[in-house]
Amino acid sequence: MNKQHQKELKKELPETVKKADKDLNIILISMAIPLILFIFRGTAIMGFCKDLSVNIWLRFMPLMLIQFGLAGFGCVIVMIYRKEHFRDYGLVKPRFLKTALMSAAVCIPAFVFMLVNKEIDSYLPLQGCMHTREFLSYAFPVNVLGYALTILVWGFFEGFNYVVISKKINERYPGGNRYINRGAIACGVICILIHGMIGFNLYIIFEALTTFILIYGMLMIKEKTGNAWGCILIFLLFWNAI
């Protein structure tokens, strides 16, 4: 298929599909830049961020910017460009409690996996992030501001980013049925790949499987209830919390 024919096919696409295609390109490019940076300079960046002799804000900011670039910056650009609102993606009040309870249920396989592998010894939202406990050891206002930024970037935007990507993929590739959601499937795979759950031993296989169930499940709940707060709550209260 030559380029001219590809252009002609693209012109025939519905406007919603064209918009979604452009939005996905924006998101993918914004994710690719920090990802490439981390692939080539990750060891040096992590070494610097762990150096306790350096001011905590100087160590925190590089990781925060990389994380926001991977999960947040692209969707913010798209929302501003399209003049969209958070409510357009399901951050609404109706069916909040139902969504929260259903979202808690999809966490069960991942919780059981961690329990079986004796990985649960404490609970604190986002304690798995590098600087959370260190920030909390400081006095006000450093502790509050540091923890708030961690919640915003690693909690809110990471969960919300999957909501946006899933919605855009489903708009770009419409079809499927009520149980096979292309956007949710893609987001489950993306999460597994980004977090390096690649291998053939039983631990990695089950870790990837429970993670996929978590991501796919939370996005399917959003599709069913029209409320996306469950995706945010999972990343705020479960992911990296135990």
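Here, each number is a calculation from the coordinates, and none is a lab measurement. It should be emphasised that the depicted structure is a prediction, and the values quoted were computed from it without experimental measurement. Glycine also receives a Cβ, built like all others from the backbone with ideal geometry; neighbour counts cover every protein chain displayed.
Here is how the numbers come out for the structure above:
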| quantity | calculated |
| --- | --- |
| Paramagnetic reach from N55 (point 7 Å along Cα→Cβ, amide N under 14 Å) across the range 140-167 | 142 |
| Of K19/K98; K18/K83; K83/K222; K50/K222; K18/K222; K83/K224, those spanning more than 27 Å from alpha-carbon to alpha-carbon | K19/K98; K50/K222 |
| Rel. contact order, % - alpha carbon contacts under 8 angstrom, at least six apart, the range 12-237 | 30 percent |
| Pair I36, D21: separation of 7 Å Cα→Cβ label points (nm) | 2.3 nm |
| Residues in the range 192-232 that a label on A105 would reach, taking backbone N under 19 Å of a point 7 Å out along Cα→Cβ | 210-232 |
| Gyration tensor verdict on the range 1-124 (Cα atoms; rounded if a/c is under 1.5, prolate if a/b is larger than b/c, oblate otherwise) | oblate |
| Separation between Cα centres of the range 65-86 and the range 167-242, rounded to whole Å | 19 Å |
